[in-house]
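Let me begin by presenting the structure, written as structure tokens, before commenting on it.
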Amino acid sequence: MEYKTGDKPGEGAYRCKHCGYVVRLASDKEALPACPNCGHHEFEKVKGD
Ligand SMILES: [Zn+2]
């Protein structure tokens, strides 16, 4: 499953597909930002988190 900047995929951890930076969302109202590390816009869910 893939997510993009602006999606609200719910609480959990999402890893930038470009650099591996992990963004954490605290609630289902939070949207994914652009990656704070590299500015990329595609993320995948970190499993088991
Ligand atoms: Zn990144």
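Throughout, read-outs are computed from the coordinates displayed, never taken from laboratory work. All values derive from a computational prediction rather than experimental measurement.
Miscellaneous remarks
- For the chain, modelled as a GNM whose springs connect Cα atoms under 10 angstrom apart, the maximal fluctuation among ALA34, ALA13, ALA26 occurs at ALA26.
- 17 Å tail of the calculated P(r), the chain, as % of Cα pairs: 17 percent
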